[in-house]
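Working notes, beginning with the structure itself.
The values are calculated or read from the model by the stated rules, or taken from the named source; none is laboratory data. The structure presented is a predicted model; accordingly, all values stated were derived computationally and were not measured. Reconstructed Cβ throughout: ideal geometry from the backbone, glycine too, with neighbour counts over all protein chains shown. Keep in mind that these areas ignore ligands, DNA and RNA; they rest on the heavy atoms of the full protein, side chains included. Shrake-Rupley method; radii C 1.70, N 1.55, O 1.52, S 1.80 Å.
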Amino acid sequence: MNRHHIKAVMYKQFCDTLKNKLLLLLIFMYPVLAYIFYFLLKDTQEAVNIVIPIFITMHIIMAPIVCMSSIISEEKEKNTIKVLLFSGIRSYEYLLGVAGVLMGILIVSVIPYLFILKFDTEQTLLFFYFIILGFVCSMLLGSVIGIMSKNQMSVGTISSPLSMFIGLLPMASIFNDSVDKASKILYSKRIYDVVYSFMGEMKTDIGIDTGVCVANMAVLILVFCFVYTKSGKMSQ
Amino acid sequence: MEHSIITECLCKSFGEKQVLNSISLKVKKGEIFGLLGPSGAGKTTFLNILTGQIQADSGKGLIFGQNIREFTAQMYTRIGMLLDNCGLYARLSGYQNLKIMSIIYGLSDDEIIEVLKEVELLADKDKAVFRMSKGMQQRLAFAKAILNKPEILFLDEPTTGLDPVTTGYIHNMIKKLAEKGTTIILTTHNMDEAAKLCDNVGMLYEGKIVEYGNPQELCYRYRVENLFRVISNDDEEIYIENNESGRKKAAEMLVHNEIKSIHTVETTLQTIFVKLTGKELENESSSY
């Protein structure tokens, strides 16, 4: 692993993301919407306790999937990734560099939630722990979609519905027991349950929640490796 | 080592179409070599094989004595590429685009500034690429290709679609680099450009090298003697041989005031290409 290569990719991604208004909107619109709903519903604490975790879950699921897939597909379409790869950068160095910057920006984007949630120190640490697990899973899924897609237009047709399905499943589980049971194998549902439990509405087993998230991550890593190997070089 | 690039019997097919058919050539260190041919002749495919982007079906290629099938990261630090796509990040500035490459190659900011000065983009270094004109973008892409002071520079139609001023600018930069010892491989379908710049040219047609050599020597070898080109008052081109009957014909036309102008016939790479292949290049006017 060459640290210059990862540094170059991180520099590129940091500068480009700050100038990519659509990507920034996608990342920061969730906390903004959460604040709007918080002020609209703050007189009804029960509603706040349901809605805010939903926005957080949607943020953790949808933002990384769409961002990561969009970044990779745009670079493939405009051939900029080809230039990087033929400068000696390896595919995994590229992905690590992009994911590193995206992770940093995503973590910053969830900080505003803390002012609504008012967690204690232990809850805050666990919150960030599960946030990071969720971001990693979502970025793996976004990478898979980005590698498989041929261009930006095709990536949108896959990433948006898929991320909405996974992100909104916790909300659907509120209204249906069968959906609630089935969705417990997904990291989105587990993260929702953790945040909801911190707001005092239910109890959840952190150990099992962690196990499910890690299992999801392991499956996604296998899927990623399969897709990456099958599709060959990322420049194709 | 005398030759920077050696290829032997390189072949490449895409499906049933044979794009390159047994291409063998040698390019010396410091030489400007032009690969000429119309669109679809296989020029870009040849460059892609030499730069390790795709593999040839058969044959051998050596760059710096190393097999092109075993391209390493270290080899990429010794070559520069200006390919059919610029690979520039549109939202980033010119400086930022070069900064990415400078981090990869371990270069300093001073070297970025130096290259920007060379391509006369220093004043616009903070301008986003999407706000630059096509000529500026091409100069920036050229700067990116030469930033690491490559020993071999691959240029794929570097002046296509550019205005004459920018084209002349790029030509001057190519000549300066060659004077400093950089080996340059460029592809073009502009024969005038090849004649002006290249030490040697290879004419590629339907995957085969149909002629190879120094442009001036080729023109001398294929020269057409004893022929005049007459433009009539109706702007019709008439070719007249410099013999007794031809001179009589010309004299008659002069007496009847039918001649607008008389020219000698010079052989160009274009006329050689037409003679060898029967085909003209797009947007090129024939002089024969």
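Axis angle, to the nearest 10 degrees, between helix A:21-41 and the longest C-alpha principal axis of chain A: 0 degrees.
Hydrodynamic estimate: the Kirkwood radius of region B:82-149 over Cα pairs, inserted into Stokes-Einstein at 20 °C and 1.002 mPa s, corresponds to D of 186 µm²/s.
Annotation: per residue accessible area for region B:224-266 equals 73 Å², rounded to a whole number [probe 1.4 Å, protein chains only]. When the Cα centres of region A:205-233 and region A:59-84 are compared, how far apart do they sit, in Å? Region A:205-233 and region A:59-84 have Cα centres separated by 19 Å. Taken per residue, the accessible surface of region B:103-211 reaches 42 Å², heavy atoms only and a 1.4 Å probe. Relative to the first principal axis of the alpha-carbon coordinates of chain B, what is the inclination of helix B:109-118, with its axis defined by its Cα atoms, in degrees from 0 to 90 and to the nearest 10? So the helix axis and the longest Cα principal axis differ by about 10 degrees.
According to the Cα-based calculation, Rg over Rh for region B:162-288 is 1.08, with Rh computed by the Kirkwood formula.
How large a share of the accessible area of region B:82-149, in percent, is made up of carbon and sulfur atoms when the probe is 1.4 Å and the other protein chains stay in place? Accessible surface attributable to carbon and sulfur in region B:82-149 totals 46 percent.
Need the list of lysines near residue B:134 for cross-linking: C-alpha distance under 20 angstrom, and skip anything on the same chain fewer than eight residues off. Here the lysines satisfying the reach criterion relative to residue B:134 are A:78, B:117, B:125, B:144. Straight Cα distances below 17 angstrom link residue A:184 to the lysines A:203, with same-chain residues fewer than 8 positions distant left out. May I ask for the accessible area buried between chains A and B, both sides summed, probe 1.4 Å, to the nearest 100 Å²? Interface between A and B: roughly 2100 Å².
Overall, region A:1-145 carries a charge dipole of about 580 debye about its Cα centre when +1 sits on the Cβ of Lys and Arg and -1 on the Cβ of Asp and Glu, all other atoms neutral. The angle between the Cα long axis of helix B:244-255 and the main principal axis of chain B comes to about 80°, on a 0 to 90 degree scale.
Placing one equal scatterer on every Cα of chain A and applying the Debye formula, the log10 ratio I(q)/I(0) at q = 0.10 Å⁻¹ is -0.47. Looking at region A:80-132, the trypsin sites (Lys or Arg not before Pro) that sit in a DSSP loop and have at most 12 other Cβ atoms within 10 Å of their own Cβ are A:118.
Fully extending the segment from residue A:18 to residue A:4 would add 2.9 nm, taking 0.36 nm per residue of separation and subtracting the current Cα-Cα distance. Under a 10 Å cutoff between Cα atoms, tell me which one of B:107, B:20, B:177 has the largest fluctuation in the Gaussian network model of chain B. Of the options given, B:107 has the highest mean-square fluctuation. Which residues of region A:3-21 bury at least 10 Å² of accessible area once all protein chains are present, versus their chain alone (1.4 Å probe)? So the qualifying set is A:4, A:5, A:7, A:8, A:11, A:12, A:15, A:16, A:19, A:20.
Among beta bridges identified by DSSP and lying wholly in the protein assembly as shown, the antiparallel ones come to about 65 percent.
In region B:75-105, comparing the full protein assembly with the chain on its own, the residues that lose 50 Å² or more of accessible surface at a 1.4 Å probe are B:76, B:85, B:89, B:91, B:92, B:96, B:100, B:103, B:104. With all protein chains kept in place, the per residue accessible area of chain A amounts to 46 square angstrom at a probe of 1.4 angstrom. Would you please state the base-10 log of I(q)/I(0) at q = 0.14 1/Å for region B:224-266, with intensities from the Debye formula using one equal scatterer on every alpha carbon? These q points yield log10 I(q)/I(0) values of -0.27. Expressed as a whole percent, the accessible surface of region B:224-266 that belongs to carbon and sulfur atoms is 47, based on a 1.4 Å probe. Give the lysines reachable from residue B:26 as a straight Cα distance under 24 Å; neighbours fewer than 8 places away on the same chain don't count. Within reach: B:12, B:43, B:60, B:149, B:175, B:176, B:180, B:196, B:208.
Normalised size of the protein assembly as shown, defined as Cα radius of gyration per 2.2 N^0.38 Å with N residues, equals 1.30. Averaging over all projection directions, the Cα-based convex hull of chain B occupies 18.4 nm² in the image plane.
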